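A short worksheet on the structure shown next.
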Amino acid sequence: MQMPRPARNMLATLFLLLLSTGSLAVRLGDEEYSNDVGGVFYVFADLAIHVIDPVALQIIKNITTDQDGNNLSNVGANGGSNRTPRSWNDVVLAEDPSVNKSYLFINEGDVYPGPGNQTHSYITVIDTSSAEIVARVEVNPRPVHIYVVNPTQEVWSHSDTYGTFDIIAVGEPSELNTTVPDTVYIPGHGKLLLDEALFPRSYGTNVHEQWLNAIDLVQQARTGSFDFADSIPSCTGTHSIVYSNISQHAYVECVSGGTFEWNTVSDTLVHFFGNVSGYMTASLGDDWITATEASTNLVTLLQPQGNGIPAKIMYSVVVPGNPQPPVFYSNSTDIYPGILQDYTIFFPSADNTNMANLATGLNVQSAGYESRPGDCAYNNTSANSSVGLTLASTPTGLKTPGCGACAPGFNPFTPSQFNGSLSGVRYVTLPNIASNASHGLEGSATLLSAGAVKPVQAANGSTANQCSFGETYRTAVRGGPFIAMNADIPTPSLYIIDASNAAGPVVYGTVNTNTSPEKIAWVPFTVPVVDTTILGAL
C-alpha cells in the first residue's frame, strides 16, 4: 500500500525543518552508519548470509533459509537450480523508528520468468533485530543499485533492464509500494544521487544516454532532463555521481572517460575534466572528491571550491592493483563540510594474482585483461604458441595457451594456483600525499596483504576473448574503526582491517565464510540488532 502523498509530504517537511535548524535527526541514506562504533557485519555469500562480530572475529549466526524455509538458491530462475546460489547485488540498511525496527534490503541479481515474456527479480529483506529473512519482494529485473531515502522512509531499487526505480516503504517491507517509470529515455545501468542538502531533489545517471535526469524524491517523478550531448560530445553516458555541499555541485563520471561538474543551483555545466576519469567518491566532509580509474591504477583527488567555480585538481596518485571504489577513514568525530580532514583512504585491490599469469611475462596480470589472437586466444592446431606457451584444448576445440582466464586455476577454480599475499588493500594518507607534493613527488600507496579475489572470466566465449577477463570487483565497507573486505584467496573469508591503530592500519584478523563472499553490510548497535539471546555477550 502506498503512503498517502500528504503523509509523505509531512515527512519531507519535517526533514527539511530539522535540516534548517542544524539538528539533523534523520539520515538521508545509510552511509553515515559507517561512523557508528560497535556493531556486526553481514556477509552475503553462496547459500548463506553470515552475521559476524568483528571484535571476536567469529560468525555469530548463519542465515541459510528464507522466509518460506527455502534454501538460498536461485531455483526457478533462468539457468537456476536448487544448488545454484542466489546472486547478491547492492545492500542498504533502513530504519523504521515508529516501531523501532531496522531492515537490510539487498537486490538479487537473478532473473526469473513470468507470464508471457515478462521477467522479474527479487529484493531480500532481513529484520536486523532477529537476523532473519522476513520477506522477498518481487521487483523489475536486474536490480543492481539500491538506496534508502529516510525522509520519506522508502527504499529505491534501480532496474537495469527498464531504467525504472522500484520503491518499498520501510514500514511495509514485504510488498512493493510503487514503481517510478520514465526516469530515463534509453533503459540501462544507472545510479541515483542522494544528499541531505539536495533533498527532495536528486539526479539519476544512465550509461546509455547523454542526459542528466532530475528526480523529485517526494513526487516520485522525473522533473527535468539536461542534454549535454552538444557541450560534452565525448561523454556518451554517465555512471557514478557524488555531491559536495561546499560547492553545491555534482561530480559525474563519463563512461567514455572524463568527469563533468554540474551546478545543482542553476542546473548548468560548470566544467568538463577530460583528463580525470574513474569512479567518483566523496569524502565524509565533502572536502575531497576522488576519481578512481581501475584500468590505469590512477586516482585523482579534486578539491571542491565555491558555487560556480570548478574544482581544483590537487593530486594524482598511482594505486596499483586494479583499485576499487575507496573508503575514507578519519579518527576525527567532528566532520563538517569545509574543514579539511587528514583522511586515510583505503582502496580494495582486485588484481590478478594467478601464478601462471605472473610467470608468463605477457600483459595478462590485470584483472581487466582482454586477450588478443597473438597471445591468449588461438584458432590453429600448432602445439605451441608464438610466445612459447603450451597450448591446451578448450571445450570448443580451440587451442589456447595457459594464460589469461585460460590459465590453470580458473576452471575449476583452484585457490592454490593464486598468490593471495600479493593483493589486499592499498591505502594512502592525505598528509603523505600533501608532503610529497610539496617536494615535487607523487604520493605513495601502502599495501596491506589481505588475500585476493578471483578474476572473472569474460562471459562471451568467442575466439577473440575466450581468455579475457570481465569486470572484477571487490568490496570494502567501513564499520566504526574497522574496514571489512571480501576475499576468495587463499580461502573464502572476510578480512578485518583496524584503521584506528595508532601506528597505522593493520590486519586485525579474518573470518572464514562460504564461497563467494561478495557483498558486505554494517549494522551498528545504534539500530535494533540481533537479540542478545541469539548473540550471547558481545
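The values are calculated or read from the model by the stated rules, or taken from the named source; none is laboratory data. Small disclaimer: the values here were computed from a predicted structure and weren't measured. Cβ placement follows ideal geometry from the backbone for every residue including glycine, while neighbour counts extend to all protein chains displayed. Ligands, DNA and RNA are excluded from the accessible area calculation, which covers all protein heavy atoms including side chains. Shrake-Rupley method; radii C 1.70, N 1.55, O 1.52, S 1.80 Å.
So residue 90 passes all but one of these: (1) open to solvent by 20 Å² or more (accessible area, probe 1.4 Å); (2) acidic (Asp, Glu); (3) more than 20 Å from residue 517 (Cα to Cα). Which condition number does it fail?
It fails just one condition, (3).
Can you tell me how many residues in the stretch 117-139 are touching a residue at least 60 places away in the same chain (Cβ under 8 Å), buried (at least 23 other Cβ atoms within 10 Å of the Cβ) and either part of a strand (DSSP E or B) or touching a His at 6+ places or on another chain (Cβ under 8 Å) (or both)?
Here the count works out to 1.
Any residue in the stretch 355-370 that's of a type in the set (Val, Ile, Thr): show its pairings with residues that are modelled with pLDDT of 80 or more and not in a helix (DSSP H, G or I) at Cβ separation under 9 Å, as long as the two are six or more apart or on different chains.
Pairs found: 360/407; 364/352; 364/354; 364/407; 364/469.
State all residues of the stretch 217-234 that are open to solvent by less than 40 Å² (accessible area, probe 1.4 Å) and over 13 Å from residue 193 (Cβ atoms); if no residue qualifies, say none.
Of everything in the stretch 217-234, those that are open to solvent by less than 40 Å² (accessible area, probe 1.4 Å) and over 13 Å from residue 193 (Cβ atoms) turn out to be 218, 220, 221, 224, 225, 228, 229, 232.
Across the stretch 329-387, which residue is modelled with the lowest pLDDT among those that are surrounded by fewer than 17 Cβ atoms within 10 Å (Cβ to Cβ) and among the hydroxyl-bearing types (Ser, Thr, Tyr)?
This residue is 381.
Could you list all residues from the stretch 58-80 that are at pLDDT 95 or above and open to solvent by less than 40 Å² (accessible area, probe 1.4 Å)?
Selection gives 60, 61, 63, 66, 72, 73, 74, 77.
Counting only residues that are open to solvent by 30 Å² or more (accessible area, probe 1.4 Å) and at pLDDT below 95, how many does the stretch 519-538 have?
9
Considering only the stretch 152-184, how many residues are in contact (Cβ under 8 Å) with a residue 40 or more places away in the chain, touching a Lys or Arg at 6+ places or on another chain (Cβ under 9 Å), not hydroxyl-bearing (Ser, Thr, Tyr) and not in a strand (DSSP E or B)?
Qualifying residue count for the region: 5.
Looking only at strands (runs of 3 or more DSSP E) that fall completely inside the stretch 187-232, which ones have 1 or more residues that are farther than 21 Å from residue 245 by Cα and polar (S, T, N, Q)?
By residue number, 221-227.
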